[in-house]
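*Asks:* My questions will all concern the structure given below.
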Amino acid sequence: MSKAPNNNWWRGGVIYQIYPRSFADSNGDGVGDLPGITQRLDYVAQLGADAVWLSPIFKSPMKDFGYDVSDYCDVDPLFGTLDDFRALVNKAHDLGLRVMIDQVLSHTSDQHPWFAESRSSRSNPKADWYVWADAKDDGNPPNNWLSIFGGSAWQWDTRRRQYYLHNFLSSQPDLNYHNPEVVEAILGTVKFWLELGVDGYRLDTANYYFHDKELRSNPGRGQPKGNDPAVNDVNPYGWQHHKFDKTQPENIGFLKQLRALLDQYPNTTMVGEIGDDDGLSVMAEYTSGTDKLHMAYSFDLLGPDSSSTYLHDLMTRFAEKNATGWPSWALSNHDVVRVGSRWGGETPDVRKLRVAAAFQMCLRGSPCLYQGDELGLPEAQVAFEDLQDPYGITMWPEFKGRDGCRTPMPWDGQAADMGFGSGTQKPWLPLTEAYRTLAVSEQDKDPQSLLNFYRSLLAWRKGQEVLLHGDQALLPVHQQVMAFVREHEGKKVLCAFNFSESAATLDLPAPFKSASMLPIPGLGGGSVSGENIHLETYGALLLAL
Ligand code: BGC
Ligand code: MG
């Protein structure tokens, strides 16, 4: 079959992630919804994004807030209807925005009819649609696999007197992709949304589809000793090498089937979320050639470290492994502490947030921007009594879960509900008072605000072909400055960002002596003198050849 055209809009396009529960609430029930998003799409278009990624909107008992799907082909009534979704897509397309949806294909909800049937007996037609296994002689689960959200990855079910696999909550049973009927059913659901006009997918846990058929135990990596940043000491999931429970060779075959399906629909794309011990290698493998993922989403800028040495090391490793694959870099999402606090500290220095944003927008790849980061929102402090995230409730207090990045978006600093729309209804997570002065209404008024900086940064970037499409080569590692050269069709742009709290100097590479300054609107602090580049605290400099 011949491929439908793909205009590659996604290469270098900015993806704006919307967490629907917390974006805008049109019916005042305390939970954001699709009509709410539609009403606010102008804002996203004005920001300069190319696409929106909607976290899951499908029918769900909401045990993991939509990442537990009970019907892949319908919208949850909490969010609206399929018609509301059609209206959202139409409005987005009118505004020139693409719509990407979040497909949670590795597991379903335990409320999905497929699971209800599968668990009913060992002999029903869907008996093998999930990963079922007998207990060992001593009653224990078949192996040592762990759930990310705590405890064994195996849940006992009395109906079948067997265990089933779940990588997340026990109410998120893992589909058995070794069964071709499952693959076919899933591809059918993907096609459903393509027919409805979506432009692409964010694939949840894209390396988790297959498990080792022989159910071999993962090798342990040992309890963390001291401060090994590579091992999460709070969650024993991190104490194993995940050799057998994910990233299996068969996964590639499924990605190829997905790609073949998308290739029939013009200008569609997929970005796969890759969480693995060696995520960079998996990203490379899954985006090599043109027959698997279009883009892979990295976790590597979602950690605490924003030092230039860390960033340099990361980009060096990325480049070594990944010559051609196309990455998507995010500084925040709905699963991690907001970058405002993670990189910005207790009282985020807006200069640091500016330089981080400019860095993200100059990297080779498609930047993913999480709702509210354009406002510089810090992580919200959510009290234990208000927690919703089961992951946080289990791991409290050393890990507080993900509610702190999921509180309602502040639209209007003057309104009691900050314009989220809940009126008198209590929002599903509390409003964050600290967001009032950072609300869209307040930043709109201030030409120097972070929001207006983002707007001009994204508008400016649209005209920078080298930044959108160029290759990337690193300058030597520097204790304060992250610097690289982008190159496209003979044009070069040197990009240097001072991530430190003091002024910095670095050698000017000889070819750039004749270069001219390429100002990033609203971000200065860089100059050239003789053989050197000087950067003020959190300053940036671009030089074009
Ligand atoms: C999503 C999480 C979700 C998990 C299970 C992830 O990686 O981003 O929010 O809890 O997958 O679906
Ligand atoms: Mg609502």
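*Asks:* With more than 16 Å from ligand 2 (Cβ to nearest atom) and modelled with pLDDT under 95 as the only criterion, which of N322, N333 stands out? Spell out how you get there, then give the answer.
*Replies:* Values: N333 fails: modelled with pLDDT under 95.
On inspection, the qualifying residue turns out to be N322.
*Asks:* Cβ contacts < 8 Å: first residue farther than 23 Å from F299 by Cβ, restricted to region 338-358; second residue modelled with pLDDT of 95 or more and of a type in the set (S, T, Y), any location; separation 6+ or different chain. Result?
*Replies:* The qualifying pairs are D349/Y538; R351/T537; R351/Y538; R354/Y538.
*Asks:* With respect to A319, determine if the residue is in contact with a Gly (Cβ under 9 Å, 6 or more places away or on another chain) and either surrounded by 14 or more Cβ atoms within 10 Å (Cβ to Cβ) or not assigned by TED's automatic domain parsing to the domain that holds M482 (or both).
*Replies:* Numbers: in contact with a Gly (Cβ under 9 Å, 6 or more places away or on another chain): no; either surrounded by 14 or more Cβ atoms within 10 Å (Cβ to Cβ) or not assigned by TED's automatic domain parsing to the domain that holds M482 (or both): yes.
No; evaluated as a whole, the condition is false for this residue.
*Asks:* Counting residues that are basic (K, R), which helices (runs of 4 or more DSSP H) fully inside region 1-101 reach at least 2? Spell out the reasoning first.
*Replies:* Working: elements: 34-39, 41-47, 82-94.
In region 1-101, 82-94 are the helices (runs of 4 or more DSSP H) which contain 2 or more residues that are basic (K, R).
*Asks:* So, one more: For region 110-153, give me each residue that is charged (D, E, K, R) and in a loop (DSSP other than H, G, I, E, B).
*Replies:* First pass over region 110-153, keeping only residues charged (D, E, K, R): 110, 117, 119, 122, 126, 128, 134, 136-138.
Result: D110, R119, R122, K126, D128, D134, K136, D137, D138.
*Asks:* Conditions: (1) surrounded by fewer than 21 Cβ atoms within 10 Å (Cβ to Cβ); (2) not in a helix (DSSP H, G or I). E442 meets all but one. Number of the miss?
*Replies:* (2)
*Asks:* In addition: From the set of residues in region 481-499 that are in contact (Cβ under 8 Å) with a residue 40 or more places away in the chain and surrounded by fewer than 21 Cβ atoms within 10 Å (Cβ to Cβ), which is nearest to the chain's Cα centre (by Cα)?
*Replies:* By that ranking, first place goes to K492.
*Asks:* Give me the residue from region 159-190 that is among the aliphatic types (A, V, I, L, M), assigned to a helix (DSSP H, G or I) and under 23 Å from the mean Cα position of the chain (by Cα) and, out of that set, farthest from ligand 1 (Cβ to nearest atom). Walk me through how you get there before you give the answer.
*Replies:* Restricting attention to region 159-190, the residues satisfying the condition of being among the aliphatic types (A, V, I, L, M) are 165, 169, 175, 182-183, 185-187, 190.
From what's left, assigned to a helix (DSSP H, G or I): 182-183, 185-187, 190.
Next, from what is left, pick out any that are under 23 Å from the mean Cα position of the chain (by Cα): 186-187, 190.
On the way: I186: 15, L187: 19, V190: 16 Å.
The qualifying residue farthest from ligand 1 (Cβ to nearest atom) is L187.
*Asks:* Just one of Q223, Q264 is under 20 Å from S2 (Cα atoms) and surrounded by fewer than 20 Cβ atoms within 10 Å (Cβ to Cβ); which is it? Working first, answer last.
*Replies:* Details: Q223 fails: under 20 Å from S2 (Cα atoms).
From the options Q223, Q264, the qualifying one is Q264.
*Asks:* I need the full set of residues from region 481-516 which are in a strand (DSSP E or B) and aromatic (F, W, Y), in order please. Spell out the reasoning first.
*Replies:* Taking region 481-516 first, the residues in a strand (DSSP E or B) are 481-488, 491-498, 504-507, 516.
Once the filter is applied, which keeps residues that are in a strand (DSSP E or B) and aromatic (F, W, Y), region 481-516 yields F484, F497.
*Asks:* Let me ask you something else. Provide a single number: the residues in region 366-390 that are part of a loop (DSSP other than H, G, I, E, B) and either closer than 22 Å to G345 by Cα or among the acidic types (D, E) (or both). Write out each step before concluding.
*Replies:* Restricting attention to region 366-390, the residues satisfying the condition of being part of a loop (DSSP other than H, G, I, E, B) are 371-372, 376-383, 387-389.
If we keep only those that are either closer than 22 Å to G345 by Cα or among the acidic types (D, E) (or both) as well, we get 371-372, 376-383, 389.
Looking only at that region, the number is 11.
*Asks:* Can you give me the number of residues within region 464-480 that are under 25 Å from the mean Cα position of the chain (by Cα) and part of a loop (DSSP other than H, G, I, E, B)?
*Replies:* Qualifying residue count for the region: 2.
*Asks:* Another question, then. Go through W156, W193 for me and flag whichever is modelled with pLDDT of 95 or more, in a strand (DSSP E or B) and away from ligand 2 (no atom under 16 Å from the Cβ). Give the steps one after another, and end with the answer.
*Replies:* Values: W193 fails: in a strand (DSSP E or B).
Just one listed residue meets the conditions, W156.
The values are calculated or read from the model by the stated rules, or taken from the named source; none is laboratory data. Bear in mind the structure is a predicted one, so any value in this text is a computation, not a measurement. Here Cβ is always computed from backbone atoms with ideal geometry, including for glycine, and neighbour counts include all displayed protein chains.
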